[in-house]
Amino acid sequence: MNIRFLETFVTLAQLESFRATARALHATPAAISLRIRSLEDELKTELVDRSTAAFRLTPAGQSLLLLAKNVVDAALALREAAVREVEVGGKLRLGVIETVVHSWLAHYVTHLNATFPHIEVDLTVDSSSVLQRRLLSGELDIAIRLEGIDSTQIVSSAIASYPVRWIAKRGMLSPRAHDLALRVLKRPVLTFGRGTAPQVALQSIVHMLARQAGMPTEQIRITCSPSVAAIVQLVRDGYGVAGIPSLIVSDALQSGEFVELPLRPMPPPIVVSLCLPVNASPMVRAAADAAHVACSDYCMPMRKELIEAL
């Protein structure tokens with residue numbers, strides 16, 4: 001069985017879009033569709049319900065998704081174990097976006113140190129655009145950033161999909177208000193750096209909500225920041241409402257400091273990709289496989305929530 005096709009199926013189930021999956025895996029939607037068709041032929045069952053315009057897995061697809069993910073994880077673990085048979089060590093120049101720092105980075109570094117104790121991590125935290133430039137120039141070995149890199153020199157693979165929610169300080173707005181959209185739009189809307197995929201998607205949604213509410217778009221205030229810490233602090237100060245992954249503020253949500261607003265539509269999930277050179281060394285490839293395993297372990301509760309919502 002082609003593991004690549006299983007990886008495509010898992011990514012498609014996470015993103016719920018052939019087009020988004022194609023972007024994440026740097027393929028065409030037609031290629032993604034062909035992989036899914038090939039997998040369905042091999043399994044002799046339909047995985048995606050094509051009778052409706054909205055993306056939906058078939059009952060068989062839902063029941064097989066977790067098994068497919070387990071196979072993908074097992075394949076990564078197998079490659080990781082094979083590499084461990086050879087001494088793996090050296091300096092790993094790792095670049096990550098801040099969203100990763102606020103979620104599964106510590107889990108990854110801990111896993112990496114335990115699995116490959118002779119790898120020394122040299123960490124860089126920066127924006128996706130800077131990480132891309134530094135990876136292409138040879139200054140980094142791995143870049144974990146928003147979406148993949150379209151280059152023949154780079155191999156990109158989707159490593160995580162973060163559901164995005166509308167987050168506000170408790171008490172700032174009533175979630176039950178009948179005019180919730182208008183109340184949100186009267187506040188600054190916080191999002192990631194200008195020009196990034198999350199910012200562009202959120203801006204489109206905000207403008208649509210404004211038209212529906214009869215609010216002039218020039219009155220909308222969108223505050224962009226590449227810093228997750230800055231966005232979270234502005235929410236904490238009651239400055240505005242943020243469209244960010246709930247995963248990075250899970251502690252504040254659990255404590256009741258922040259709340260999720262039931263505003264629809266929700267912004268699309270943020271796709272995080274792992275990028276490395278096509279000619280990467282065995283050490284770098286081992287570290288990349290370890291990242292997939294560590295991220296999968298960390299995000300498993302979130303993935304189960306997505307599967308239950310399908």
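Of the DSSP beta bridges with both residues in segment 164-261, give the percent that are antiparallel, rounding to the nearest 5. Bridges in segment 164-261 that DSSP calls antiparallel: roughly 60 percent. Taking amide H as placed 1.01 Å from N in the peptide plane, the amide H of residue 57 sits under 5 Å from that of 49, each at least 5 places away or on another chain.
How large is log10 I(q)/I(0) at q = 0.13, 0.15, 0.16 Å⁻¹ when the Debye formula is applied to the Cα atoms of the chain, each weighted equally and without solvent? Log10 of I(q)/I(0), two decimals: -1.00, -1.26, -1.38. Built from the Cα atoms of segment 164-261, the convex hull projects on average onto 5.7 nm², one quarter of its surface area.
The average projected area of segment 227-299, computed from the convex hull of its Cα atoms over all directions, is 6.8 nm². Averaging the sequence gap over all C-alpha pairs within less than 8 Å and six or more residues apart, then dividing by the number of residues, gives the chain a relative contact order of 24 percent. In this structure, the amide hydrogen of residue 159, modeled 1.01 Å from its nitrogen in the peptide plane, lies closer than 5 angstrom to those of 272, 273, 274, counting only residues at least 5 positions away or on a different chain.
Per residue, the average separation of C-alpha pairs within less than 8 Å and at least 6 apart gives segment 103-188 a relative contact order of 13 percent. Screening the chain for whole DSSP H helices with an alpha carbon extent of at least 20 angstrom along the helix axis and a mean Kyte-Doolittle hydropathy of at least 0.0 yields 29-43, 59-84, 197-213, 282-309. Mean separation of Cα pairs under 8 Å and 6 or more residues apart, divided by the residue count, gives segment 166-269 a relative contact order of 45 percent. Per residue, the convex hull spanned by the Cα atoms of segment 61-203 measures out at 182 cubic angstrom. The ellipsoid equivalent to the alpha-carbon distribution of segment 22-144 has semi-axes of 34, 20, 14 angstrom, derived from the gyration tensor eigenvalues as √(5λ) and listed largest first. Taking Rh as the Kirkwood radius computed over C-alpha pairs, what is the Stokes-Einstein D of segment 102-165 at 37 °C in a medium of viscosity 0.692 mPa s, expressed in µm² per second? Roughly 244 µm²/s, to the nearest whole number.
Every read-out reported here was derived from the displayed coordinates using simple, explicitly stated rules and does not represent laboratory data. All values reported here derive from a predicted model rather than from experimental measurement.
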